[in-house]
Every structure is written in structure tokens, then in C-alpha cells.
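Some notes on the structure that comes next.
The values are calculated or read from the model by the stated rules, or taken from the named source; none is laboratory data. Predicted model only: the values in this text are computed from it and were never measured. Cβ coordinates were reconstructed from backbone atoms using ideal geometry, including for glycine residues, and neighbour counts include every protein chain displayed.
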Amino acid sequence: MTTREEIVQQADLFKLLGYRGEKWEEFLKQEFKLLVERVAKKEELERVVKKEEAERIAKKEDAERAAKIELEKMRLEIEMKMLQAKIQAGLVKEESVGNTSRFSDASAKHPKLPHSRTEKTISIYLVDAI
């Protein structure tokens, strides 16, 4: 039963019992006060629920960002290992220039090395590096 139905039912009961005038006004004031308190509690509960939901969503978004960062980190580590494997296989030459390193394709300097063997060598070095 809803609050309104309860109030109407009590009002009908009070009328039957003969409550009129001041007693009737007191009853209505008390019921209105209770109704206001119930509405305030309900609104407070809704605010708490919304706040908790917003926090949950924020945590989820933070976790997703952290996962994306971790995936990017793993991708870069794999690229680094692949580059190191290419350097070990002699397919890429590292040249230091100041504080930076440049990498150039060294396969032109190894024309006798067949393509399929190059891929095997890289994959072997990559497996060893991992």
C-alpha cells in the first residue's frame, strides 16, 4: 500500500471516529511531516546510489585506462625485442648519433641471405629473447 493510500485510509478512519477541528489538523500535520521525512530519506538514498554508481563507473574507466596502458607497454616491449632480434640477426644496423640511436635496414648488405632463412633467424632470436 502506498503512502497516499495509507493517509486516505487513516483520514477516513479518523472521520468515522469523529476527529474534527484541531485533532484533524494535528493528524494532517503529523502525516505531512512523516511524508516529508520519507521523501527526504528517499532522495538521500537516491543521491547515495547515484554517487556510488558514479564511483563504480569511474573505477571501471580507470581500470580500462590502466589495461590500455599495460597493453601499449607490452606492445612496445615486443617491438623492442623484435628490433633486438633483427639487430642480432644482422638485418638491422644500429648507429649511435649523440644521445639517440638510428636503425637502418642491413638486409641490403646481405644479399646472399634468403628471405625465408631471415624470417627463421628472426623468429629464433625472438623466441630466445622472450
Based on what the data block shows, is Ile57 of a type in the set (Val, Ile, Thr) and at pLDDT below 90? no
In region 41-81, the residues that are more than 30 Å from Val92 (Cβ to Cβ) and among the hydrophobic types (A, V, I, L, M, F, W, C): Leu45, Val48, Val49, Ala54, Ile57, Ala58, Ala63, Ala66, Ala67
